[in-house]
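> One structure, pasted below without further comment.
Quick note: the coordinates plus some simple rules give every number you see, no bench work behind them. Please read all numbers here as calculations on a predicted model, not as lab measurements. Cβ placement follows ideal geometry from the backbone for every residue including glycine, while neighbour counts extend to all protein chains displayed.
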Amino acid sequence: MDQSLVEQVVSRVLAQLQSSSVGSVIEQSSSLCSPMAIQNVAVVELMDAVITAETLQETVQVGHPLRIGLRSVLTPSARDWLQTNRIAWSRMEPNAAASVNPASQQANRWRLIVQTLTPAVKSLSEGLSRQTDVWKIQAVGQFSEAATMATTTANHAEHESDHAEVIACLANRNKQVRAAVIADRKQLELAVQRLGVNVVCINPIGRSYVEMRNLLRDCTANKPSAPIGW
């Protein structure tokens, strides 16, 4: 059987079960942690609802400890990868989210506005809906609604629409908006550096779940700020 298909099935099953099994999963994390001492190196944090081996390969460097979300689920392949590479990992403390200043948390939260719903976007939205400290998800029927919403929520907005170019153009009529159409991770990096993009517009047609997940993850890794002299 195709390994990627197996991973997909396992991920969906684990995601459905995670809400009822958080307690037992948390207990398992302490017993499965690598005995390797965590040295004074940067800790990689992953808040994905379901974490696979592919996710780890793309984001975790050998020698760097990993911290995952309180309700994040590790697939079997992810656990094997951690063990093989001797990566020490742990879960975020239950009170960690509560200790975050609510105002700061709201300011750093991204808003995902969905106008074109593809299977990949649907799966992604379901996973992100559990990350309420990072994402707020809203669905709209028309691209004009999405454009209007972008002008009223200029800070940290991300749009999924097959009218991405139109939305970006309309949104940029607002002086507080720095919208750009993004096709790949390199383009996003340049838009952040040169534009301080705070409204990201993506056409999801033909894009896979992994592509979309990586783009959104890169979005949250950056805090939008206007270039000097803007």
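> Using unit Cβ charges (K, R positive; D, E negative) and no other charged atoms, how large, in debye to the nearest 20, is the dipole of region 150-201 about its Cα centre?
With only Lys, Arg, Asp and Glu charged at Cβ, the dipole is about 320 debye.
> Greater than 22 Å separation of Cα atoms is the criterion. Which listed pairs, 136/223; 136/186; 122/175, meet it?
Working: 136/223 16 Å; 136/186 25 Å; 122/175 31 Å.
Correct reply: 136/186; 122/175.
> Here's a follow-up. Rounded to the nearest 20 debye, what is the charge dipole size of region 102-220 about its Cα centre when +1 sits on each Lys and Arg Cβ and -1 on each Asp and Glu Cβ? Can you show the working numbers first?
Details: 14 positive and 11 negative charges, 57 e Å.
Result for region 102-220 is approximately 280 debye, rounded to the nearest 20.
> Rounded, prolate or oblate, given the Cα gyration tensor of region 102-220, with a/c below 1.5 counting as rounded?
rounded
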